[in-house]
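Have a look at the structure below, then the notes.
The values are calculated or read from the model by the stated rules, or taken from the named source; none is laboratory data. Keep in mind the model is a prediction, meaning the values are calculated, not measured. Using ideal geometry, Cβ is built from the backbone for each residue, glycine included, and neighbour counts are taken over all protein chains shown.
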Amino acid sequence: MLLGAAAAAYGVPALLDRGARAVGFVFLAAAALSVAAVWLQTSAPGDPRFVAAGGRAGLVMAVAYVTGLSLLWTTRARTAIAAVFEPIGRMALTNYVTASLVVVPTGLLLGFAASADLVPALVLGACVIAVQSVVSRIWLHHFRYGPLEWVWRAMTWRTLPRFTAG
């Protein structure tokens with residue numbers, strides 16, 4: 001959270017939204033570093049999910065994802081990206097909690113902890129995001145907020161906000 005607050009204070013979101021040349025440079029650098037970081041992560045001894053190199057690889061890949069999406073945001077793909085991610089973002093708390101309620105038991109059932117193969121977890125993650133995008137869009141067609149977002153607003157505003165859409 002602090003990293004996000006610092007980025008906002010330094011104007012990083014505005015820079016990302018403009019898709020400036022610097023964003024392209026950072027994307028190319030992060031994409032190249034991601035290849036090296038993932039190689040280091042997978043060649044390190046131990047479970048690749050829990051080695052220090054995994055944390056570094058995750059950070060570099062996150063920068064590549066953010067800057068790559070920022071560059072796509074300046075193209076015609078913006079409409080498709082917004083269509084997929086906007087409903088998920090409007091129900092972020094609900095989606096985070098429900099994803100945890102799906103992924104944790106599914107991971108236990110499928111034995112993710114005993115396997116170093118990340119492909120099943122990636123497939124599960126992609127499926128969860130796809131389902132959440134569709135379900136969130138349908139929910140928001142009928143309701144103004146996600147259920148946990150509504151509860152959060154009611155608690156913080158100390159009033160009952162309108163729940164239905166329209």
Conditions (1) in contact with a Phe, Trp or Tyr (Cβ under 8 Å, 6 or more places away or on another chain); (2) farther than 27 Å from residue 3 by Cβ; (3) in a helix (DSSP H, G or I); number of the one not met by residue 161: (3)
Please work out which residue is nearest to residue 46 (Cα to Cα), limiting yourself to the range 122-150 and to residues that are under 13 Å from the mean Cα position of the chain (by Cα) and in contact (Cβ under 8 Å) with a residue 12 or more places away in the chain. 125
Working only within the range 113-129, note down all residues that are surrounded by 12 or more Cβ atoms within 10 Å (Cβ to Cβ) and under 23 Å from residue 91 (Cβ atoms). 121, 124, 125, 127, 128, 129
The one condition residue 35 fails out of (1) in contact (Cβ under 8 Å) with a residue 24 or more places away in the chain; (2) among the aliphatic types (A, V, I, L, M); (3) outside the structural domain of residue 143 (by TED's automatic domain parsing) is (1)
In the range 63-76, is there at least one residue being part of a helix (DSSP H, G or I), out of contact with any Cys (no Cβ under 8 Å at 6 or more places or on another chain), of a type in the set (Ser, Thr, Tyr) and free of Cβ contacts under 8 Å to residues at least 40 places away in the same chain? yes
Looking at residue 83, is it in the same structural domain as residue 147 (by TED's automatic domain parsing), surrounded by fewer than 12 Cβ atoms within 10 Å (Cβ to Cβ) and not charged (D, E, K, R)? yes
If we scan the range 104-121, do we find a residue that is touching a residue at least 40 places away in the same chain (Cβ under 8 Å), small (Gly, Ala, Ser), more than 22 Å from residue 14 (Cβ to Cβ) and touching a helix residue (DSSP H, G or I) at 6+ places or on another chain (Cβ under 6 Å)? no
Reported set for the range 90-147 where residues are in a loop (DSSP other than H, G, I, E, B), out of contact with any strand residue (DSSP E or B) (no Cβ under 7 Å at 6 or more places or on another chain) and either over 30 Å from residue 164 (Cα atoms) or not hydrophobic (A, V, I, L, M, F, W, C) (or both) is 111, 115, 116, 117, 118, 145, 146
What's the total number of residues in the range 148-158 that are more than 19 Å from residue 96 (Cβ to Cβ) and not in a loop (DSSP other than H, G, I, E, B)? 1
Would the range 51-62 turn up any residue that is over 30 Å from residue 139 (Cα atoms), in a loop (DSSP other than H, G, I, E, B) and out of contact with any Leu (no Cβ under 7 Å at 6 or more places or on another chain)? yes
